[in-house]
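To start, the structure under review is shown below, and the notes come after it.
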């Protein structure tokens, strides 16, 4: 009988006690675990250990690479597969802005310490399910070209620079052309968040910024359409 290969989780936390507890729990849940006390050694090991997901402490020591810096480096590396690496932030920072910043920078989920380790394992499984089996073929809408593997966007012959969250939002809607999404749905699927604690105006502002970058006439968009009183959709240019 064939069994699936255990997934490898990289745990990056400068608190040895927490790192050991997380590793013990995740190994008992069937994961392979590699642990690192700092961002430098973790980043150097990514190619070698090839993790399927990273659990990242946002409050890494200020003497080295911080948690946000490590997240930024993962999301901006030239290797497209590494840039798609799922990251769950586990942090003692409870402020709403801390969550928003981490999610905007490309974190796939955010847990507040002390995190329930059973919940952490469940969230890891959920994020891995979402990230596995996605069709990463490039998407084209007339002049708008979205390369999911390289995480690049081109309009005509011009490369457009998007933030990690802007790209995630555009790619999510582009993957389901014609489907209308409410702001609440986009918060759930792109931000892994909820309108209960994050304002839906976050979505509105991100759509506005994307239009400014990709639309020939942002006031009369060709691709990112507003469906009045509902939300947004991606369509072929008319």
For region 58-72, pairs from a residue that is over 20 Å from residue 95 (Cα atoms) and assigned by TED's automatic domain parsing to the domain that holds residue 39 to a residue that is in a loop (DSSP other than H, G, I, E, B) and modelled with pLDDT of 80 or more, with Cβ under 6 Å and 6 or more apart or across chains, are 64/38
Exactly one of 185, 222 is part of a helix (DSSP H, G or I) and touching a residue at least 12 places away in the same chain (Cβ under 8 Å), and that one is 185
Matching residues in region 157-177 (in a helix (DSSP H, G or I) and under 13 Å from the mean Cα position of the chain (by Cα)) number 9
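From 30, 64, which residue is over 21 Å from the mean Cα position of the chain (by Cα) and at pLDDT below 80?
64
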Going through region 149-171 in order, the residues found to be more than 14 Å from residue 223 (Cβ to Cβ) and free of Cβ contacts under 8 Å to residues at least 40 places away in the same chain are 152, 157, 158, 159, 167
Within region 124-133, identify whether any single residue is at pLDDT 85 or above, under 18 Å from residue 91 (Cβ atoms) and not assigned by TED's automatic domain parsing to the domain that holds residue 224, and answer yes or no. yes
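Can you find a residue in region 107-123 that is assigned to a helix (DSSP H, G or I), at pLDDT below 80 and outside the structural domain of residue 169 (by TED's automatic domain parsing)? Give the steps one after another, and end with the answer.
Going residue by residue through region 107-123, those that are assigned to a helix (DSSP H, G or I) are 117-123.
Filter again for at pLDDT below 80, leaving none.
Checked against the condition, which is being assigned to a helix (DSSP H, G or I), at pLDDT below 80 and outside the structural domain of residue 169 (by TED's automatic domain parsing), region 107-123 yields no hits at all.
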Restricting region 108-119 to residues that are touching a residue at least 60 places away in the same chain (Cβ under 8 Å) and touching a strand residue (DSSP E or B) at 6+ places or on another chain (Cβ under 7 Å), the one farthest from residue 186 (Cα to Cα) turns out to be 113
Across region 75-97, the tally of residues that are outside any loop (DSSP other than H, G, I, E, B), modelled with pLDDT under 80 and buried (at least 16 other Cβ atoms within 10 Å of the Cβ) stands at 3
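The values are calculated or read from the model by the stated rules, or taken from the named source; none is laboratory data. Everything numeric here is computed off the predicted structure, so don't read it as measured data. Because the Cβ atoms are built from the backbone with ideal geometry, glycine has one as well, and the counts that use them run over all protein chains shown.
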